[in-house]
1. How much length would be gained if the chain were fully extended between M117 and T36, taking 0.36 nm per residue of separation minus their Cα-Cα distance, in nm to one decimal?
2. I need the calculated FRET efficiency for the pair Q126 and M163, taking r as the beta carbon distance and R₀ as 45 Å, to the nearest 0.05.
3. Could you grab the Rg to Rh ratio for the stretch 65-138? Cα atoms only, Kirkwood for Rh.
4. What full-extension length gain, to one decimal in nm, is calculated for T77 and A101 as 0.36 nm per residue of separation minus the Cα-Cα distance?
5. Give me the accessible area of D109, 1.4 Å probe, in Å² rounded to the nearest 10.
6. As a test question: what accessible area, to the nearest 10 Å², does K91 have when a 1.4 Å probe is rolled over all protein chains in place?
7. Counting only the heavy atoms of the protein chains, how much of S26 is accessible to a 1.4 Å probe, in Å² to the nearest 10?
Amino acid sequence: MKLRYLLLLCLPLTALAAEDTIITESTSTSDVNSTTKLESPPPSAITPTMNISNSDLCTVGVAGAVQTQILGISMGTTVRDMNCEKLKNAKTLYDMGMKVAAVSIMCQDERVFDAMMNAGTPCPYQGLIGEEAKAASIANVEETPVEINAEEIVDEKTKQTLMGLGSIFALLLLLL
């Protein structure tokens with residue numbers, strides 16, 4: 001039995017004593033094509049906010065934004081409502097007890113002036129009221145309100161708008 005144990009002990013030693021050298025040669029060639037897709041969030045031009053929700057203001061807000069891959073532009077402005085201002089002024093004068101002055105402000109509009117004449121209650125004229133004001137208005141027709149040609153106003157605003165858009169597009173073309 002002792003012999004068996006002795007043999008068992010010697011076997012591993014003989015295995016350790018024998019050196020086996022294994023040389024493995026490996027060659028690999030690889031051809032890699034890779035595509036990278038870069039995803040980014042879209043550019044954004046945000047329209048400016050204009051707080052004109054107060055009912056006491058006689059303005060209207062206009063805003064817009066344009067975005068390209070390179071540049072974003074946003075603009076905003078307010079436009080005065082002249083008719084609203086006229087109505088507010090007339091109401092304020094009327095509330096202060098100045099009824100003739102309030103009617104006089106309203107009579108600056110040709111439509112109101114014509115309506116007052118047709119109703120038989122002519123607009124005040126230089127402190128005169130009633131029939132005296134009617135006679136004075138007829139004698140001085142050149143001072144009566146004249147309707148402003150709406151097409152001229154629109155044409156002027158259209159020119160300004162087109163000039164603004166043209167300058168924006170010119171800037172965008174320069175950046176491309």
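The values are calculated or read from the model by the stated rules, or taken from the named source; none is laboratory data. None of the values given here were measured: they were computed from a predicted structure. Heads up, the Cβs are rebuilt from the backbone with ideal geometry, glycines too, and the neighbour counts pull from every protein chain shown. The protein model used for the area step is the full one, side chains on, heavy atoms only, and it has no ligands, DNA or RNA in it. Shrake-Rupley method; radii C 1.70, N 1.55, O 1.52, S 1.80 Å.
1. Residue separation times 0.36 nm, minus the Cα-Cα distance, leaves 21.3 nm.
2. 0.60
3. Details: Rg = 20.6 Å, Rh = 14.9 Å.
Result: Rg/Rh = 1.38.
4. Numbers: separation 24, 0.36 × 24 = 8.64 nm, distance 3.25 nm.
Extra length available between T77 and A101 comes to 5.4 nm.
5. 30 Å²
6. For K91, solvent-accessible area is about 120 Å².
7. 110 Å²
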